[in-house]
Amino acid sequence: MSSVFGSSFAVFVGLTGILIGFAAALTGQAVADTWRPRWQVVFSAFGLALVARFLDFSLFGGRLLSLPAFMLAWVWLAGVGLAAWQVTLAHNMVRQYPWLYERTGVFGWRRREGSPDIAGTAGRH
């Protein structure tokens, strides 16, 4: 019996939520580590959602062409990937430019007081 999650909620949590969610987090980190834009994470999450649908179909007997299950997987994987992208970007900005920026939490950074003003970098976080 199919549901909005594909074959079942447990399969969605285990397969898409945890296993492929881990791959989405690693994808977000890789994209941020190479200083690429966040839209590439969303595009990669599209491919991971396709993989999730195929594995649900082939391993657990879910419907292959289930738009609600695909959209739910895509939104989840894009969210996980984007969160990992932002955390990694904040870490990289502070690690690479410690004289300019300081951490303001897990997801952000700010310009250090008294740091030099470099043209084009103000407000880019």
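The values are calculated or read from the model by the stated rules, or taken from the named source; none is laboratory data. Worth saying up front: this structure is predicted, and the values here are computed from it rather than measured. Quick reminder, even Gly has a Cβ in these numbers, built from the backbone with ideal geometry, and neighbours come from all protein chains shown. Note: areas computed on protein heavy atoms with side chains; ligands, DNA, RNA excluded. Shrake-Rupley method; radii C 1.70, N 1.55, O 1.52, S 1.80 Å.
Here are the numbers for this structure:
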| read-out | value |
| --- | --- |
| Count of residues meeting criterion [free of Cβ contacts under 8 Å to residues at least 40 places away in the same chain and under 17 Å from residue 93 (Cβ atoms)] in the range 12-34 | 2 |
| Failed criterion for residue 69 (all others in (1) open to solvent by 50 Å² or more (accessible area, probe 1.4 Å); (2) closer than 16 Å to residue 16 by Cβ hold) | (1) |
| Count - residues of the range 1-29 that are open to solvent by less than 50 Å² (accessible area, probe 1.4 Å), among the aliphatic types (A, V, I, L, M) and at pLDDT 95 or above | 4 |
| Among (1) over 22 Å from residue 111 (Cα atoms); (2) open to solvent by less than 90 Å² (accessible area, probe 1.4 Å); (3) among the aromatic types (Phe, Trp, Tyr) - the single one residue 76 does not satisfy | (2) |
| In the range 98-113, residue farthest from residue 82 (Cα to Cα) [restricted to those that are touching a strand residue (DSSP E or B) at 6+ places or on another chain (Cβ under 7 Å) and of a type in the set (D, E, K, R)] | 112 |
| Hits in the range 36-85 (condition: part of a loop (DSSP other than H, G, I, E, B) and modelled with pLDDT of 95 or more) | 36, 37, 38 |
| Exclusive hit being under 20 Å from the mean Cα position of the chain (by Cα), surrounded by fewer than 20 Cβ atoms within 10 Å (Cβ to Cβ) and among the charged types (D, E, K, R), set 112, 36 | 36 |
| Any hit, the range 42-61, residues being surrounded by fewer than 21 Cβ atoms within 10 Å (Cβ to Cβ) and within 24 Å of residue 105 (Cα to Cα) | yes |
| Number of positions in the range 72-88 that are free of Cβ contacts under 8 Å to residues at least 60 places away in the same chain and under 14 Å from residue 16 (Cβ atoms) | 6 |
| Any hit, the range 89-105, residues being touching a residue at least 40 places away in the same chain (Cβ under 8 Å) and either part of a helix (DSSP H, G or I) or within 16 Å of the chain's Cα centre (by Cα) (or both) | yes |
